[in-house]
Amino acid sequence: MPNVAAPVLDVQGLKTVFKTRGGEVHAVNDVSFSLKPGELLGVVGESGSGKSVTMMSLLGLLPSPPADIRRGTVMFDGKDLLKVKPQTLRAVRGGQIGFVFQDPMTSLNPVYTVGMQIMEPLRKHMGLRKAAARNRAGELLELVGIPDARRRLDDYPHQFSGGMRQRVMIAIALACDPKVLIADEPTTALDVTIQAQILDLMLELREKLGMAVIWITHDLGVIAGIADRVLVMYGGQIVEHAPVQDLFRDPQHPYTRALLKTIPTISGERAKRLTVIEGQPPLMMDAPASCPFRARCDVAFDRCARENPPRFDVGHGHDAACFYDARTGGPRNA
Amino acid sequence: MLDQTRKPLVRVRDLKMHFPIHAGLLRRRVGEVKAVDGISFDVMEGETLGLVGESGCGKSTCGRAVLRLYDITSGEISIDGREIGALSQGKLRPIRPTMQMVFQDPQASLNPRMTVEAIIREPLDEHTKLSAAEKRDKVAELMDAVGLNRNFAKRYPHAFSGGQRQRIGIARALALNPKFIVCDEPIAALDVSIQAQVVNLLEDLQEQFGLTYLFISHDLSMVRHIATRVAVMYLGKIVELAPREALYRDPLHPYTKALLSAVPEPDPALARSTERVILKGDVPSPSNPPKACNFCTRCPAVMDICKQIDPEYQEVQPGRFVACHLHTDPTTTAG
């Protein structure tokens, strides 16, 4: 919920570059955002827009080389996570910051029981004894809604279905009472009816545990259902940021507008023909000197080719990185 | 059928596709996965029949079985008036050009060692006696038709993006002027902004060449856009088949209702106000399905009869088929 409390996580000017044989790939460009306690921040974007790399950068999960975090600060709990020692970062990861990845099949270890995998963070971060950790692991599995939880602690991941495995992943992420949970496309590999179960569970858990959540997805429908605030990413940058109602009611960036028009819905008017965003996403082989969406944009003008637009504040906690002002229908005076 | 003017191009009756499970030292047959377990439907000429369902419900197996990519367990399939259900693979070969397939993963369905030209030309090599120059012209024509730059014919698949690779797969499927194309999740691997491009292309091609599609997808909102009629599958069976508008406006089967209510709508006000039907539990294993109605373990409206008698799949309103005791007269199903 929006409030005035100090942010739990504050990212400023993050820039991540991958060094490849073909040159540098500018995956994350000058990304800044903050996360308030207890809030659910949605991050949307297509593949390659930099949403996952942003989260991996701030947790130091990217192998270096090829990744190189050029600039930026990530303030969490009074420390800059980009500057702290590796062992401090290790204590934060999986402890105060939990995360859930897209594919529950590959992120669980097939040769350990589910119980052992939930107990691992409890013993490492909280220093619990084996019996206490096992007890807590049973509670966690119950919390995420797995029937007959205590008995299933001794089962292996392959004995669980996809939706159940994702619940196990959530249980692991929640093990150490995190202040922040980062969920990277946690329901993308799941079927819609199972996705509905997981979304329901997440909302319930957030209410119960009061943690802040960053939810990364490419599905605007999911965002509409759960997020408080939304970041829209394109070409490694944040192009729009708004409270969820405003984003859907009054999108300010041409990319957001196009994206909302592209997706068909199951209720309401059925479009005769789908609106298409022509062209391809940018390759990001150079540091952006112009707007990354320019080539696919229907309102681009000469200035978009000369400068990369900064994020302009449009009021009520809403900003958009675009030189075109959708409200006046002309160039912005800035 | 609702639309009397069109005749069915594809007619499927009681199609079954069971896969054996072998286990133990002697690899004895210990059971079977009933991937498709007795389904019947027609696909009318020029229409798009959407086939939706969750993973593991048998929709892809159904698409492949209809094209006889498998030797089916039992059932009848007729395409364009010819019965192909029991034909040998050798006898099927001359019929193959009329029916083609577009696969889900454009990465895996294109040979990385063949140029785009060679990929699109391969069906022509196999099934026609055109000269090299004629084939080259045909390939260039096909590339134009699907919106690929014909100057890129000598490039390899890795040089193309996901959406472009799917266009290559579509061009290959079109090479032999088919009448019927099974599209097996053609957009599932693509980004949203690219999905719309491919769907619009499929619609344009349908109009241009008079194609008939079986469009398999788990994306209910995209199926609503592209399909004329929609069939919903659950655990190897069709639970409901209806014209698009009727199905989305007024779903009859409890599973269809739950499936539609689970789709996240890109509208925050609507998403937070509507009451969702959230199904409990998971889909049972198709090797050991529930005894009577397949859906009785998760159904929010389950009755005693559902656990004893399998509901018959029947037409309950003109053009609307459903397999559910709530909508069928129990006296007829019992008999």
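The values are calculated or read from the model by the stated rules, or taken from the named source; none is laboratory data. Note that this is a predicted model, so its numbers are computed, not measured. Cβ placement follows ideal geometry from the backbone for every residue including glycine, while neighbour counts extend to all protein chains displayed. SASA here: full protein model, heavy atoms, side chains in, ligands and nucleic acids out. Shrake-Rupley method; radii C 1.70, N 1.55, O 1.52, S 1.80 Å.
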Residue-averaged beta-carbon neighbours from other chains (10 angstrom radius) around B:277-284: 5
Viscosity 1.567 mPa s, 4 °C: Kirkwood-radius Stokes-Einstein D of chain A over Cα pairs, µm²/s: 61 µm²/s
Rounded accessible area of B:ARG11 (nearest 10 Å², 1.4 Å probe): 100 Å²
Inverse mean reciprocal Cα-Cα distance (Kirkwood Rh) of the protein assembly as shown, Å: 27.2 Å
Antiparallel content of DSSP bridges confined to chain B, in %, to 5: 65 percent
Residue-wise HN-Hα coupling along region A:247-263, computed from phi with Karplus coefficients 6.51, -1.76, 1.60 (Hz; x: Gly, Pro): 4, 7, 7, 9, x, 9, 9, x, 5, 4, 4, 5, 4, 5, 7, 5, 7
Zero-based 10 Å bins, Cα pair distances in region A:210-334, whole percents: 11, 42, 35, 11, 1
Debye intensity ratio I(q)/I(0), log10, region A:13-59, q values 0.33 Å⁻¹ (C-alpha model): -1.31
Charge dipole magnitude, Cβ of K and R +1, D and E -1 - chain B, Cα centre, debye nearest 20: 1040 debye
Solvent exposure ordering (accessible area, 1.4 Å, most first) of A:THR328, A:THR193: A:THR328, A:THR193
Solvent-accessible area of A:VAL84 with every protein chain in place, 1.4 Å probe, in Å² to the nearest 10: 40 Å²
Which of A:HIS218, A:LEU199, A:PRO251, positive extreme of dipole for region A:168-261 (C-beta unit charges): A:PRO251
Ratio of Rg to Rh over region A:152-280 (Cα coordinates, Kirkwood Rh, two decimals): 1.02
Accessible-area value, A:HIS218, 1.4 Å probe, nucleic acids and ligands omitted, Å²: 70 Å²
Global size of region A:108-183 as Cα Rg and Dmax, reported in angstrom: 11.3, 31
Cα centre as origin, Lys/Arg/Asp/Glu Cβ charges: the protein assembly as shown dipole, Debye: 1740 debye
B:LYS280, A:LYS85, A:LYS15, B:LYS34, reordered so the largest accessible area comes first (probe 1.4 Å): B:LYS280, A:LYS85, B:LYS34, A:LYS15
Lys, Arg +1 and Asp, Glu -1 on Cβ, resulting dipole of chain A about Cα centre, debye, nearest 20: 760 debye
Amide H contacts under 5 Å for A:VAL28, placed H, 5+ residues apart: A:THR16
Carbon plus sulfur fraction of accessible area for chain A, probe 1.4 Å, in percent: 53 percent
Cross-link pairs B:LYS7/B:LYS34; B:LYS91/B:LYS154; B:LYS91/B:LYS135; B:LYS135/B:LYS179 - those with Cα-Cα distance over 27 Å: B:LYS7/B:LYS34; B:LYS91/B:LYS154
Accessible surface ranking that places the most exposed of A:ARG327, A:ARG21, B:ARG6 first, with a 1.4 angstrom probe: A:ARG21, A:ARG327, B:ARG6
For chain B, Cys with no neighbouring Cys Cβ under 4.7 Å: B:CYS57, B:CYS62, B:CYS183, B:CYS299, B:CYS324
Shape call, region A:221-267: gyration tensor on alpha carbons, a/c limit 1.5: oblate
